[in-house]
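One structure below.
The values are calculated or read from the model by the stated rules, or taken from the named source; none is laboratory data. Please read these numbers as outputs of a predicted model, since none were measured by experiment. FYI the Cβ positions are ideal-geometry reconstructions off the backbone, even for glycines, and counts take in every protein chain you see.
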């Protein structure tokens, strides 16, 4: 199932981290979009990969597009 995350603050990042820990990220759930007004996709990836409170994200993080006008 393809899903989108609306908001990429503390809770949005924790949801993705929990999905990765439970092995549901990618199969059966695939995050295809993250929507937030404050920044672009490259910074989202950085925030997820290097969380100063919860530590480094264990999986691979990548972005396909970083155009804020697409959201």
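Inside the range 1-30, residues that are part of a loop (DSSP other than H, G, I, E, B), surrounded by 13 or more Cβ atoms within 10 Å (Cβ to Cβ) and touching a strand residue (DSSP E or B) at 6+ places or on another chain (Cβ under 8 Å) make up a count of 2. Does any residue of the range 61-69 turn out to be modelled with pLDDT under 90 and in contact with a strand residue (DSSP E or B) (Cβ under 7 Å, 6 or more places away or on another chain)? No; the residues of the range 61-69 include none that is modelled with pLDDT under 90 and in contact with a strand residue (DSSP E or B) (Cβ under 7 Å, 6 or more places away or on another chain). Step by step: first the residues of the range 30-52, then only those that are over 15 Å from residue 6 (Cβ atoms) and touching a helix residue (DSSP H, G or I) at 6+ places or on another chain (Cβ under 8 Å), then the one that is modelled with the lowest pLDDT. Which residue is that? Across the range 30-52, the extreme among qualifying residues is 40. Does residue 33 satisfy being surrounded by 15 or more Cβ atoms within 10 Å (Cβ to Cβ), in contact (Cβ under 8 Å) with a residue 24 or more places away in the chain and either touching a strand residue (DSSP E or B) at 6+ places or on another chain (Cβ under 8 Å) or over 11 Å from residue 8 (Cβ atoms) (or both)? It is false that residue 33 is surrounded by 15 or more Cβ atoms within 10 Å (Cβ to Cβ), in contact (Cβ under 8 Å) with a residue 24 or more places away in the chain and either touching a strand residue (DSSP E or B) at 6+ places or on another chain (Cβ under 8 Å) or over 11 Å from residue 8 (Cβ atoms) (or both).
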